Amino acid sequence: SEAVAAQIDEEVRRVVDEAYRRCEDILVEKRAVLDAVAAYLLEHETMEREAFLEVFGVPESPAADTAE
């Protein structure tokens, strides 16, 4: 029915709006790191995993080497 379709549309819109806001918050929060990645890529054109983790300040775990 139209009422059910309207409810579905409303819920889909709510989920999409919430995801959009969450995405925007993450991008704003991580702006400095994203700018650093962009600058690195402009200089080097590619970025290996180690460099990416370094820019994000994530220590590389020994388990990551064995997972590859």
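The values are calculated or read from the model by the stated rules, or taken from the named source; none is laboratory data. Every value quoted in this text rests on a predicted model; they were computed, and no experiment measured them. Counting neighbours? That spans all protein chains shown, and the Cβs are built from the backbone with ideal geometry, glycine included.
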(message) Anything in region 5-49 that is of a type in the set (Val, Ile, Thr) and at pLDDT below 95? List them, or say none.
(response) 33, 37, 46
(message) Of everything in region 1-47, what is under 14 Å from the mean Cα position of the chain (by Cα) and either exposed (fewer than 10 other Cβ atoms within 10 Å of the Cβ) or of a type in the set (S, T, N, Q) (or both)? Give them in sequence order.
(response) 28, 32
